[in-house]
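First up is the structure itself, then whatever we jot down about it.
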Amino acid sequence: MSEPLRPIEWTGTSIRVIDQTVLPGRLVRINLDTVDDLVDAIVRLAVRGAPQLGAIGALGVVLAMVQGKREGWAPDRLASEIVRVRDARPTAVNLAWGVDRVSPLVPQGIEAVLVAAQGIVDEDERINHEIGRHGADWIQARVAGNVRVLTHCNTGALATTEWGTALGIIRELHARGVLEVVFADETRPLLQGARLTAWELAQDGIPHFVQADGAAASTILRHLVDVAIIGADRIAANGDTANKIGSVGVALACKDAGIPFIVAAPESTVDMATASGDDIQIEMRGDEEVVNWGGIRTAPEGTRAHNPAFDVTPARLISAIVTEQGVLEPGFGQVPEHRTAGVAG
């Protein structure tokens, strides 16, 4: 297995990240020197993934303080810039969680906030490995022999700070010698599965196929996989989960085929202030992502795009939610509020 990929770091004056928009062709690291740089990187998905956004949110507060000190911002300006970071993507709760976790320390100065933010980065690595172990244990207790996995979008190191959530479970199965193959959905319209997940799997030498999103249901119903594992950008109090668009179709197919559908995410993704999936704000993105490809228009002029970035999977379709604290089974009535009330919001 390759060396761990660490996609974000604090340089002392800026946040250094992998620009995920140019993978897999190039591995490019860029410096985010200002709040404008950071918000732009978040919006255009140069940085992405719920756990990584939590770390980026916390480091974003540090970045705002450093820029504010350099440019002589008044306290009101600093506060408004921190809010800009917090609100850069509405569906993923972790971004706001990261900002909110360190913001109370702002009066104590840059160093205090940096220590707390770096703690979130370091903590995420441990959390990811715990998720991997819990998820692999749960799967091995239910699937005999080698395991064939389907996954959707990217939930690896590129979506976290080092290891991965859903992909962390896949890596753990691979390390145990029980992973046969991974089917990675391409993840339209921006191909995070084809560009990012396949790249991470190739780096680790994990056998895999990339398939069109439209092939996922057939792959499941033909019993070519034993389990589907995805991540989450927000988990409501009743166990409904928001994830990359296309996730709910995978869940429906798994329900019909009678195979487990697993959601893997840190406890920080649980939002007890959101009662159900009906209350989750779904980010709508621009037409150009759907009606163009590679700078070439693929739909007639005047055609509009319906481009939700996420969908919501009802708790009743979820076999297991895996966090660093263990496994809940929403399909059997276990929901986050039974254990994690007050952990995140």
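The values are calculated or read from the model by the stated rules, or taken from the named source; none is laboratory data. This one's a predicted model, so the numbers in the text were calculated from it and none came from an experiment. Every residue, glycine among them, receives a Cβ derived from its backbone with ideal geometry; neighbour counts consider all protein chains shown.
Give me the residue from segment 111-124 that is touching a residue at least 40 places away in the same chain (Cβ under 8 Å) and not polar (S, T, N, Q) and, out of that set, nearest to A212 (Cα to Cα).
Start the filter on segment 111-124 by keeping residues that are touching a residue at least 40 places away in the same chain (Cβ under 8 Å), which leaves 113-114, 116-118, 120-121, 124.
After this cut, where a residue has to be not polar (S, T, N, Q) as well, the list is 113-114, 116-117, 120-121, 124.
Working: V113: 43, L114: 42, A116: 41, A117: 38, I120: 35, V121: 33, D124: 31 Å.
The selected residue is D124.
When D122, D137 are checked against the criterion of being over 30 Å from R44 (Cβ atoms) and either of a type in the set (F, W, Y) or surrounded by fewer than 20 Cβ atoms within 10 Å (Cβ to Cβ) (or both), D137 stands alone in meeting it.
For segment 89-145, the set of residues classified as farther than 21 Å from A79 by Cβ and charged (D, E, K, R) consists of D122, E123, D124, E125, R126, E130, R133, D137, R142, listed by residue number. Take the conditions (1) surrounded by fewer than 24 Cβ atoms within 10 Å (Cβ to Cβ); (2) in contact (Cβ under 8 Å) with a residue 40 or more places away in the chain; (3) more than 11 Å from F183 (Cβ to Cβ); A198 misses just one of them, which is (3).
Quick grid of which residues meet (1) touching a strand residue (DSSP E or B) at 6+ places or on another chain (Cβ under 9 Å); (2) outside the structural domain of G156 (by TED's automatic domain parsing); (3) closer than 20 Å to A159 by Cα; (4) assigned to a strand (DSSP E or B):
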site	(1), (2), (3), (4)
P24	no, yes, yes, no
I30	yes, yes, yes, yes
L38	yes, yes, yes, no
L45	no, yes, yes, no
L53	no, yes, yes, no
G57	no, yes, yes, no
R70	no, yes, no, no
W73	no, yes, no, no
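Applying the condition of being of a type in the set (V, I, T), in contact (Cβ under 8 Å) with a residue 12 or more places away in the chain and out of contact with any Gly (no Cβ under 8 Å at 6 or more places or on another chain) to segment 295-330 and asking which residue is farthest from P90 (Cα to Cα) yields T303. In segment 283-307, of all residues being surrounded by fewer than 15 Cβ atoms within 10 Å (Cβ to Cβ) and among the aliphatic types (A, V, I, L, M), the one that is nearest to N243 (Cα to Cα) corresponds to M284. Only a single criterion out of (1) modelled with pLDDT under 95; (2) surrounded by fewer than 24 Cβ atoms within 10 Å (Cβ to Cβ) is not satisfied by T161, namely (2).
Elements of the type strands (runs of 3 or more DSSP E) sitting completely within segment 232-345 and holding at least 1 residues that are closer than 20 Å to V43 by Cβ and among the polar types (S, T, N, Q): these cover 241-244. As for segment 294-309, it holds at least one residue that is under 17 Å from the mean Cα position of the chain (by Cα), modelled with pLDDT of 95 or more and not acidic (D, E).
Yes/no per residue for (1) under 19 Å from the mean Cα position of the chain (by Cα); (2) hydrophobic (A, V, I, L, M, F, W, C); (3) closer than 19 Å to I110 by Cα:
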| site | (1), (2), (3) |
| --- | --- |
| G25 | no, no, no |
| D40 | yes, no, no |
| R44 | yes, no, no |
| V47 | yes, yes, no |
| L53 | yes, yes, no |
| A58 | yes, yes, yes |
| K69 | no, no, yes |
| R77 | no, no, yes |
| E81 | no, no, yes |
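Of the set (1) in a helix (DSSP H, G or I); (2) touching a Leu at 6+ places or on another chain (Cβ under 8 Å); (3) touching a residue at least 40 places away in the same chain (Cβ under 8 Å); (4) not aromatic (F, W, Y), all apply to N154 but (1).
Looking at segment 138-151, which of the residues that are assigned to a helix (DSSP H, G or I) and in contact (Cβ under 8 Å) with a residue 60 or more places away in the chain is farthest from A215 (Cα to Cα)? Working first, answer last.
Restricting attention to segment 138-151, the residues satisfying the condition of being assigned to a helix (DSSP H, G or I) are 138-140.
Next, from what is left, pick out any that are in contact (Cβ under 8 Å) with a residue 60 or more places away in the chain: 138-139.
On the way: W138: 26, I139: 23 Å.
Top of the filtered list is W138.
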